[in-house]
Structures are given as structure tokens and as C-alpha cells.
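Undergrad: Submitted below is the structure of interest, expressed as C-alpha cells.
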Amino acid sequence: MQYRKLGSTGLDVSILSFGASSLGSVFRDINEEEGIRTVHAAIDAGINYIDVSPYYGLTKAETVLGKAIRQLPRDRFLLSTKAGRYGVDTFDFSAKRIRESLEESLQRLNTDYVDMLFLHDMEFESLDVIVEEGIPELNRLKEQGKIRYAGISGLPLDIFPMTIDRAGVDVILSYCH
């Protein structure tokens, strides 16, 4: 497996990552044991970055992933999850909900921290809420050691420079581009 530095984080990330939405039966029903074996096979193949969200399978993906990674040494993988999107049309980027969401995710994932926490599909919220409430809460969670790096994610590329111009983040997750 090849690895690359992730920006200025210092993290060495495998060039292939494991997107764990499938563990939530997003694309088809999965057998939980098969999902757990798949996570272990990915790690054994050298994939060291796993991304998930409470939105994927309405917490099922995090729950299955938590069972899989509970069996692995924490230093074998980098883990990211998300906050802000919880259903097809359910969004809440308030500081309180981000904080609660992370605590819920940590319990499902059976870990004390995540390497990255992303504000999920932030284009569905006003930029003011993201910049004035969401990102500051991510920074508080970093100070508490519950996340290592703060990030934003979304589909339209123009949301990233508009956000970064107003508030810095450590990482960006852009999909489908």
C-alpha cells in the first residue's frame, strides 16, 4: 500500500481508504459478520483510513464499524466520522448537537477519540452557522482531545474557499469530484 501525507496534519494516509457507508446497508443489506471481516481485510491490506457517519444507515454503519475496530489496536487505523447530518432532510450544525453527536459516535465506535470530525454536507446550512458555531465547536473538541483534526465536507466545491476565507479547518473531504 502507498501512503501520502495529509496536508499539514502529519498523518500518513493510505491512498485507498475504507468508506464505511456500506456497513450501514446503504447500498444493500449486509451481514454484520461479513462487514466486520471486510474491515479487518482492508486493514490487513494496508488501508489505514476509515470514514463513517451517523447518517450512514442511521447509525448502523458506526455500530458495525465499532464492533470491527474494537478487535483491532487503535494505532492500526485513522478514523473519521461526521456531525451535522442525521437523516435525508435532518440537519443540525449547532454546537450542542455537534458535541452530543460526537459523544454518541464515540460510544458506537468504541473509541475515546476520532482522528477527524467533519461537518457533514455543510452546504445544507447557512455559512454563518457553520463559521460562527460549527467550526468553533470543532476547535473546542480538539482542545478537549476528543478529535485530532477539524474538517468540513460537502459536494459543491465553491463552499470550501468561502468557508476557509472565514474560518480555518485542518481537513476537507470532497466527494464525487
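The values are calculated or read from the model by the stated rules, or taken from the named source; none is laboratory data. Quick caveat: nothing in here was measured; it's all calculated off a predicted structure. Quick reminder, even Gly has a Cβ in these numbers, built from the backbone with ideal geometry, and neighbours come from all protein chains shown. For accessibility, only protein heavy atoms count, side chains too; no ligands or nucleic acids. Shrake-Rupley method; radii C 1.70, N 1.55, O 1.52, S 1.80 Å.
Undergrad: Considering only protein heavy atoms and a 1.4 Å probe, what is the carbon-and-sulfur percentage of the accessible area of segment 30-177?
TA: Details: 3360 of 6650 Å².
In segment 30-177, the share of accessible area belonging to carbon and sulfur is 51 percent.
Undergrad: Ok, one more. Based on the Cα gyration tensor of segment 112-177, what are the three equivalent ellipsoid semi-axes, each the root of five times an eigenvalue, rounded to whole Å and given largest first? Write out the running numbers ahead of the final one.
TA: Working: eigenvalues 75, 36, 17 Å².
After scaling each eigenvalue by five and taking roots: 19, 13, 9 Å.
Undergrad: Hey, can you find the accessible area per residue of segment 25-177 for me, probe 1.4 Å, expressed in square angstrom? Present the calculation step by step, with values, prior to reporting the outcome.
TA: Working: 7170 Å² over 153 residues.
Counting only protein heavy atoms, the per-residue value for segment 25-177 is 47 Å².
Undergrad: Please report the net charge: other residues with Cβ closer than 12 Å to the Cβ of ILE43, K and R +1, D and E -1. Present the calculation step by step, with values, prior to reporting the outcome.
TA: On the way: positive: ARG37, ARG74, ARG76; negative: ASP44, ASP75.
Residues near ILE43 contribute +1 overall.
Undergrad: Would you work out the charge dipole size for segment 42-177 about its Cα centre, treating the Cβ of every Lys and Arg as +1 and the Cβ of every Asp and Glu as -1, and quote it to the nearest 20 debye? Mind showing how you got there, number by number?
TA: Values: 16 positive and 22 negative charges, 127 e Å.
Dipole about the Cα centre, nearest 20: 600 debye.
Undergrad: Which number do you get for Rg(Cα) / (2.2 N^0.38 Å) in segment 61-154?
TA: Details: Rg = 13.0 Å, N = 94, 2.2 N^0.38 = 12.4 Å.
Cα Rg divided by the expected 2.2 N^0.38 Å: 1.05.
Undergrad: Taking a cut-off of 30 Å, what percent of all Cα-Cα pairs in the chain are separated by more than that? Please report the intermediate quantities before stating the final value.
TA: Numbers: 1898 of 15576 pairs.
Every Cα pair in the chain considered, those over 30 Å come to 12 percent.
Undergrad: What lysines sit close enough to LYS60 to cross-link, taking a C-alpha to C-alpha distance under 17 Å and skipping anything fewer than 8 places away on the same chain?
TA: Partners found: LYS82.
Undergrad: What spacing in nm lies between the two simple spin-label points modelled at GLU123 and ASP75, each 7 Å away from Cα in the Cβ direction?
TA: 4.0
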